Amino acid sequence: MPSAQKRSASASGFDVSRFHAKLCRSSRISSLARRVSISITIIPLRPSIRLLQNYTAIETLFSRCFNMLYARHRSSFCNAMAGRVATPRQQGSAMGIGLEDKGASKGDLARSNIKNTARHLFARYGIDTVTIRDIAKAAGQRNGGSVNYYFRSKEDLIREIIDDAARYRDVLSGGRLDEMEASGAPMTIRGLLKANFLPADVDDLEEMRLFTMLQTYRRDLMHTQIPNRWDGSFQRCVTLLRPLLPDYSEAVLRQRLYFLVPYMWTFLATREAIEGQAEFWKEFWADPAAIEGLFDTAEAILIALPSQETQAAMSAV
């Protein structure tokens with residue numbers, strides 16, 4: 001940062017160098033802090049540095065970089081911040097939640113373990129199939145009472161899992177949209193679809209399968225828990241899509257998005273390499289063209305012009 005900008009920031013009561021040095025002194029986040037520093041220097045956010053005249057602006061920029069890097073480097077961040085992620089199964093959902101902090105109490109760790117175990121079971125076997133007793137046994141608890149001690153009911157546990165999953169997806173998609181806007185490149189339908197639906201990596205286990213199960217068994221909760229809380233990035237994506245589909249009415253676009261979301265969740269769920277995955281899907285997704293083909297069809301859902309039959313049916317309503 002040029003000296004004039006440093007003086008300007010310091011004059012506002014905030015010293016960027018001191019703030020960054022403080023971050024780097026923490027062994028748990030030094031790697032992430034360095035990445036934030038590098039990102040501010042090299043990614044196309046550089047013009048924003050000129051606007052850093054006060055603490056709030058600087059904090060916002062660091063937060064923006066943090067969210068982008070968290071989404072892109074989730075695994076290393078989890079290890080750095082938490083000391084360890086409970087087990088491969090708990091790490092499997094790759095949602096950046098339920099981490100075992102070295103300073104956490106036994107109760108906190110038990111609660112996190114129960115939630116992660118429940119998420120894994122729900123994703124694999126379905127919400128209604130899995131019982132409190134199943135969760136307790138898989139989590140190494142004595143009985144179902146241990147689960148109810150930390151979560152008042154199965155529904156409360158499900159609500160918290162929905163919140164965690166939706167928050168993770170919102171942060172991941174938001175970071176990608178930030179990168180797209182910062183790059184200055186033209187927005188494309190395909191790019192926006194990938195920002196919203198593509199998992200962080202192929203080993204992001206269970207995420208889409210969990211969403212599919214929740215959409216099937218707890219559709220009411222999905223439509224009450226997420227809107228206006230964890231759908232900011234999705235709504236932002238829709239806003240950016242709107243100018244790319246100028247000939248569509250709001251009704252048509254809304255209808256296409258309703259088709260698109262479960263379609264993408266369902267097929268991406270078959271790509272997740274969790275235990276018990278059918279051999280057919282393993283072979284199918286081994287072809288690198290398959291994921292691009294999926295996004296071809298996703299684009300087609302959005303750009304296909306409404307038929308005369310659809311237009312007539314909409315006019316009749």
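Couple of notes before you dig in:
- Test result for residue 147, in contact with a Phe, Trp or Tyr (Cβ under 8 Å, 6 or more places away or on another chain) and at pLDDT 85 or above: no
- Region 107-150, residues that are in contact (Cβ under 8 Å) with a residue 40 or more places away in the chain and on the phi > 0 side of the Ramachandran plot: 126
- Subset of region 116-139 (residues that are assigned to a helix (DSSP H, G or I) and either β-branched (Val, Ile, Thr) or farther than 19 Å from residue 212 by Cβ (or both)): 117, 132, 133, 134, 135, 136, 137, 138
- Region 125-156: number of residues that are under 30 Å from residue 194 (Cα atoms) and touching a helix residue (DSSP H, G or I) at 6+ places or on another chain (Cβ under 7 Å): 2
- Taking the numbered list (1) surrounded by 14 or more Cβ atoms within 10 Å (Cβ to Cβ); (2) under 17 Å from residue 198 (Cβ atoms); (3) modelled with pLDDT of 90 or more in turn, residue 297 passes all entries but (1).
- Taken together, 164, 170 contain a single residue that is assigned to a helix (DSSP H, G or I), in contact with a helix residue (DSSP H, G or I) (Cβ under 6 Å, 6 or more places away or on another chain) and at pLDDT below 95, which is 170.
- Among the residues of region 173-198, those identified as in a helix (DSSP H, G or I) and free of Cβ contacts under 8 Å to residues at least 40 places away in the same chain are 180, 181, 191.
The values are calculated or read from the model by the stated rules, or taken from the named source; none is laboratory data. All values reported here derive from a predicted model rather than from experimental measurement. Because the Cβ atoms are built from the backbone with ideal geometry, glycine has one as well, and the counts that use them run over all protein chains shown.
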